[in-house]
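Asks: Before we start, here is the structure in question, set down as structure tokens.
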Amino acid sequence: MKIERLPVAPDLLGESPVWDPESGSLFWVDIVGRKVRRLHLASGKEETWSTPSLVGSIGLAPDGRLVMGLQDGFYLLQLATGAIEPIARLDSPHPHMRLNDGKTDRTGRFICGGMGLHGAPMGALHRLTAPGELETLATGIRISNAICFSPAGDRLYFADSLARKIMVHDYARDGTDVGAPRLFFDTESLGSAPDGATVDSDGHVWVALVEAGKIARLSPQGEVVAMLKVPVEFPTCPAFGGDAMDVLFVTSIRDSGSGRMVSSHPDAGVLLAISGLGVRGIADAHFEMT
């Protein structure tokens, strides 16, 4: 196994890494810096787009665009021009709430959860199925995280980080039903709240243990099968990418903006690439526009 720091400037609050196989690039966000970032791995070229409010998460979208969860709703970012257009705004968004973790499911719906900026249960779990079509799957969430899907797309993983429990839902690929949550894994035993997560091609969940400086690999049965110590204090979200989908990228925190997580570690906020794990990830679906 090899862990390396990628040659980009650190983030304040790095999150939501997404690999784009078509361009050979990694996208991610700096939430507090209000930036969407891209690194083309082969050339080392980096690009940045500014957002008008805090950007919690992103997903791939057709025609050179990204879907974004901002503070008050869902938007499309046109990469060529930087233009931002609304898709669906939240009803009466609270100034102390914003959208946070999000991912596309295996058929292209964007699932994104909200959070209270001070840990209040103001967030909801939303499913964006098409422009203007927004469903609410759960409410009363304090900090939404760990959203990811099984390889077959029939399981949705999700966590309210402050509860320190990853839950799993049976999930209908056609979007007709989301089952009741049941406990998948309690991260209290690992000394951390769960942060971002991803799933490998074998169905194992890789979750960032943001307070422990580790990434855990959990079997589909909810057992710890591997634990990686990473050289940052606060890792936030893993995602597989690279030409063979066998590199695990990990974002991290320098300053979360809330005062809860501020790191003086020399590598705080860096973007990591971990290779030699012997597993592969699954490319994300593009947001389905119709």
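Asks: Within the stretch 15-27, work out how many residues are on the phi < 0 side of the Ramachandran plot, out of contact with any Gly (no Cβ under 6 Å at 6 or more places or on another chain) and not β-branched (Val, Ile, Thr). Spell out how you get there, then give the answer.
Replies: Kept after step one, since they are on the phi < 0 side of the Ramachandran plot, are these residues of the stretch 15-27: 15, 17-23, 25-27.
Within this subset, residues satisfying the condition of being out of contact with any Gly (no Cβ under 6 Å at 6 or more places or on another chain) are 15, 17-18, 20-23, 25, 27.
Then keep just the ones that are not β-branched (Val, Ile, Thr); that gives 15, 17, 20-23, 25, 27.
Within the stretch 15-27, residues that are on the phi < 0 side of the Ramachandran plot, out of contact with any Gly (no Cβ under 6 Å at 6 or more places or on another chain) and not β-branched (Val, Ile, Thr) number 8.
Asks: Quick one: is GLY44 on the phi > 0 side of the Ramachandran plot, surrounded by fewer than 21 Cβ atoms within 10 Å (Cβ to Cβ) and either within 18 Å of the chain's Cα centre (by Cα) or modelled with pLDDT of 95 or more (or both)?
Replies: Working: on the phi > 0 side of the Ramachandran plot: yes; surrounded by fewer than 21 Cβ atoms within 10 Å (Cβ to Cβ): yes; either within 18 Å of the chain's Cα centre (by Cα) or modelled with pLDDT of 95 or more (or both): yes.
So GLY44 passes the test.
Asks: Taking SER53, is it of a type in the set (Ser, Thr, Tyr) and surrounded by 14 or more Cβ atoms within 10 Å (Cβ to Cβ)? Break it down stepwise before answering.
Replies: Working: of a type in the set (Ser, Thr, Tyr): yes; surrounded by 14 or more Cβ atoms within 10 Å (Cβ to Cβ): yes.
It is true that SER53 is of a type in the set (Ser, Thr, Tyr) and surrounded by 14 or more Cβ atoms within 10 Å (Cβ to Cβ).
Asks: Please state which one of GLY196, GLY213, GLY269, GLY203 is under 28 Å from TYR171 (Cα atoms) and touching an Asp or Glu at 6+ places or on another chain (Cβ under 9 Å). If you could, list the steps in order and put the result at the bottom.
Replies: Details: GLY213 fails: under 28 Å from TYR171 (Cα atoms); GLY269 fails: under 28 Å from TYR171 (Cα atoms); GLY203 fails: touching an Asp or Glu at 6+ places or on another chain (Cβ under 9 Å).
Just a single option satisfies the conditions, and that option is GLY196.
Asks: Now, a different point. For the stretch 1-31, enumerate the residues that are among the aliphatic types (A, V, I, L, M), in contact with an Asp or Glu (Cβ under 9 Å, 6 or more places away or on another chain), touching a residue at least 60 places away in the same chain (Cβ under 8 Å) and more than 23 Å from LEU60 (Cβ to Cβ).
Replies: Matches in the stretch 1-31: LEU12 only.
Asks: Just to check your reading of the model, which residue among PHE240, PHE185 is among the aromatic types (Phe, Trp, Tyr) and within 23 Å of GLY278 (Cα to Cα)?
Replies: Working: PHE185 fails: within 23 Å of GLY278 (Cα to Cα).
Checking each option against the conditions leaves just PHE240.
Asks: Just to confirm my filter: which strands (runs of 3 or more DSSP E) fall fully inside the stretch 173-246 and include at least 1 residues that are at negative phi and touching a helix residue (DSSP H, G or I) at 6+ places or on another chain (Cβ under 8 Å)?
Replies: Details: elements: 182-186, 194-199, 205-209, 214-218, 224-229, 235-241.
In the stretch 173-246, 194-199, 205-209, 214-218, 224-229 are the strands (runs of 3 or more DSSP E) which contain 1 or more residues that are at negative phi and touching a helix residue (DSSP H, G or I) at 6+ places or on another chain (Cβ under 8 Å).
Asks: In the stretch 210-247, how many residues are buried (at least 19 other Cβ atoms within 10 Å of the Cβ) and closer than 25 Å to ALA285 by Cα? First the steps, then the outcome.
Replies: Residues of the stretch 210-247 that are buried (at least 19 other Cβ atoms within 10 Å of the Cβ), as a first pass: 210-213, 215-218, 228, 230, 232-241, 247.
When the remaining residues are screened for being closer than 25 Å to ALA285 by Cα, the result is 215-218, 235-241, 247.
Of the residues in the stretch 210-247, 12 are buried (at least 19 other Cβ atoms within 10 Å of the Cβ) and closer than 25 Å to ALA285 by Cα.
Asks: Further question: Taking the stretch 138-164 only, how many residues are more than 21 Å from LEU228 (Cβ to Cβ) and outside any loop (DSSP other than H, G, I, E, B)?
Replies: Total satisfying the criteria: 13.
Asks: Here is a follow-up. Return the residues of the stretch 196-234 that are within 12 Å of the chain's Cα centre (by Cα) and within 21 Å of LEU6 (Cα to Cα); say none if nothing qualifies.
Replies: Just the residues of the stretch 196-234 that are within 12 Å of the chain's Cα centre (by Cα), to begin with: 196-199, 206-208.
Selection gives GLY196, ALA197, THR198, TRP206, VAL207, ALA208.
Asks: Another question, then. Please indicate, with yes or no, whether at least one residue in the stretch 217-226 is polar (S, T, N, Q) and in contact with a Lys or Arg (Cβ under 8 Å, 6 or more places away or on another chain).
Replies: So the first thing to find is which residues in the stretch 217-226 are polar (S, T, N, Q), and the list is 219, 221.
Going one step further and asking which of them are in contact with a Lys or Arg (Cβ under 8 Å, 6 or more places away or on another chain), we end up with none.
Within the stretch 217-226 (the criterion being polar (S, T, N, Q) and in contact with a Lys or Arg (Cβ under 8 Å, 6 or more places away or on another chain)), the answer is no, since none of the residues qualifies.
Asks: Between residues in the stretch 275-287 that are in contact (Cβ under 8 Å) with a residue 24 or more places away in the chain and over 15 Å from ALA197 (Cα atoms) and residues that are buried (at least 19 other Cβ atoms within 10 Å of the Cβ) and hydroxyl-bearing (Ser, Thr, Tyr), which pairs lie under 8 Å by C-beta distance while being six or more apart or on different chains?
Replies: If the second residue must be buried (at least 19 other Cβ atoms within 10 Å of the Cβ) and hydroxyl-bearing (Ser, Thr, Tyr), the pairs left are ALA285/THR104; HIS286/THR104; PHE287/THR104.
Asks: Shifting gears a bit: Would the stretch 261-270 turn up any residue that is among the small types (Gly, Ala, Ser) and modelled with pLDDT under 95?
Replies: yes
Asks: Another question about this same structure. Identify, by number, the condition in (1) in a strand (DSSP E or B); (2) under 16 Å from the mean Cα position of the chain (by Cα) that VAL32 doesn't meet.
Replies: (1)
Asks: Right, another one. Determine, yes or no, whether SER256 is surrounded by fewer than 18 Cβ atoms within 10 Å (Cβ to Cβ) and more than 19 Å from the chain's Cα centre (by Cα).
Replies: Numbers: surrounded by fewer than 18 Cβ atoms within 10 Å (Cβ to Cβ): yes; more than 19 Å from the chain's Cα centre (by Cα): no.
Taking the combined requirement at face value, the residue does not satisfy it.
The values are calculated or read from the model by the stated rules, or taken from the named source; none is laboratory data. As the structure is a prediction and not an experimental result, all values here were calculated from the model. So basically every Cβ, Gly included, is an ideal-geometry build from the backbone, and we count neighbours across all protein chains shown.
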